[in-house]
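Worksheet: the structure to be examined is printed underneath.
The values are calculated or read from the model by the stated rules, or taken from the named source; none is laboratory data. Keep in mind it's a predicted model, so treat the numbers as computed, not measured. Because the Cβ atoms are built from the backbone with ideal geometry, glycine has one as well, and the counts that use them run over all protein chains shown.
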Amino acid sequence: MNRFLRYTIWKLKGKKVYALVGRSGTGKSFRSKLVAEKYGIELIIDDGLLIRGDKIIAGKSAKKEKVFLKAIKTALFDDELHRNEVISALQKEDFKRILTIGTSERMILKIVNRLKLPEPEKIFKIEDFASKEEIETAMRIRNTEGKHVIPVPTIEITRNYPQIVYDSLRIFLKRRFSVPWNKKVFEKTIVRPEFGKRGKITMSEAALTQMVIHCLDEFDDELRVKKVIVKTEPAGYNLNIKLRMPIKLQVSGTLLELQRYIADSLERYGGVFVTEVNIEVDDWT
């Protein structure tokens with residue numbers, strides 16, 4: 001089924017897709033329930049999970065995975081059984097609006113396409129809901145403590161992934177024009193995934209190269225790596241990537257998205273900090 005026909009069918013059903021985009025560690029999962037509350041969104045897709053209110057309806061969390069490649073594949077619904085489980089649940093659920101969370105618009109489009117959803121009606125950016133200071137604080141906590149958020153109560157996570165639960169957090173949202181004691185409470189679970197546990201992590205150049213190749217394939221399977229040069233610095237890894245690129249792609253926008261995608265993916269799912277990603281187009285196809 002092509003995208004236009006899929007979009008038309010969902011439109012006739014009165015169902016809309018929204019997206020929340022931001023770099024890894026900027027607080028998207030933390031604020032997802034607030035966004036959903038504000039725009040009347042019933043379902044959330046976050047890191048491999050389909051969530052409704054305080055319940056996980058279907059899927060599995062990328063945060064339970066122990067290795068980089070498996071985590072990113074889970075977040076992107078690469079596994080057929082995982083993907084079909086969520087598609088089946090979406091077909092059964094009664095909803096009008098759904099929010100998909102991702103680190104880039106390209107990631108969002110890949111997720112909705114794999115789940116047979118139409119492209120988003122509107123794409124929100126994390127900067128629309130968080131100040132610069134709040135984003136910087138969230139990223140500092142992510143980089144120094146490796147903490148992530150799953151937007152459901154702790155009891156819901158401990159049933160399936162007790163080994164990654166770190167703490168719980170309650171957010172009090174005051175209803176508009178309500179009396180002081182009439183507040184909505186959102187409980188979120190703070191987790192420390194297997195791939196983000198504290199401790200010094202080192203990667204060989206060969207391992208990092210394989211990770212970069214995987215990121216490129218997920219980003220756009222027409223991109224080809226010619227060479228990856230890794231420089232180890234006190235603060236992390238500096239990557240210089242030479243690649244072959246289809247001439248039809250928009251160079252400046254695509255390369256900027258690709259830089260961010262590689263850095264975010266390696267930090268989020270590989271547990272390694274990337275100080276810089278330099279990309280050189282060495283050949284055109």
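Here are the numbers:
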quantity: Single condition Thr202 does not satisfy, out of (1) at pLDDT below 65; (2) polar (S, T, N, Q); (3) farther than 21 Å from Glu276 by Cα; calculated: (3)
quantity: Odd one out for Phe95 among (1) outside any helix (DSSP H, G or I); (2) at pLDDT 90 or above; (3) crowded, with 16+ Cβ neighbours inside 10 Å; (4) over 16 Å from the mean Cα position of the chain (by Cα); calculated: (3)
quantity: Neighbours by Cβ (under 8 Å, 6+ apart or cross-chain): first from the range 122-135, assigned by TED's automatic domain parsing to the domain that holds Lys38; second of a type in the set (Val, Ile, Thr) and part of a loop (DSSP other than H, G, I, E, B); calculated: Ile126/Thr26; Ala130/Thr26; Ile135/Thr26
quantity: Filter result for Ile72 (among the β-branched types (Val, Ile, Thr), crowded, with 20+ Cβ neighbours inside 10 Å and assigned to a helix (DSSP H, G or I)); calculated: yes
quantity: Test result for Leu109, without any contact (Cβ under 8 Å) to a residue 24 or more places away in the chain and farther than 19 Å from Gly40 by Cα; calculated: yes
quantity: Thr100 within 25 Å of Lys122 (Cβ to Cβ) and among the hydroxyl-bearing types (Ser, Thr, Tyr); calculated: yes
quantity: Residues of the range 123-157 that turn out to be assigned to a strand (DSSP E or B) and surrounded by 19 or more Cβ atoms within 10 Å (Cβ to Cβ), as a count; calculated: 4
quantity: Residues that are at pLDDT below 90, crowded, with 20+ Cβ neighbours inside 10 Å and either farther than 22 Å from Thr74 by Cβ or in contact with a Ser or Thr (Cβ under 6 Å, 6 or more places away or on another chain) (or both), drawn from the range 32-62; calculated: Ala62
quantity: Residues of the range 70-92 satisfying the condition of being of a type in the set (A, V, I, L, M) and either in the same structural domain as Phe219 (by TED's automatic domain parsing) or within 14 Å of the chain's Cα centre (by Cα) (or both); calculated: Ala71, Ile72, Ala75, Leu76
quantity: Given (1) surrounded by 14 or more Cβ atoms within 10 Å (Cβ to Cβ); (2) within 22 Å of Lys63 (Cβ to Cβ), number of the condition Pro120 does not satisfy; calculated: (2)
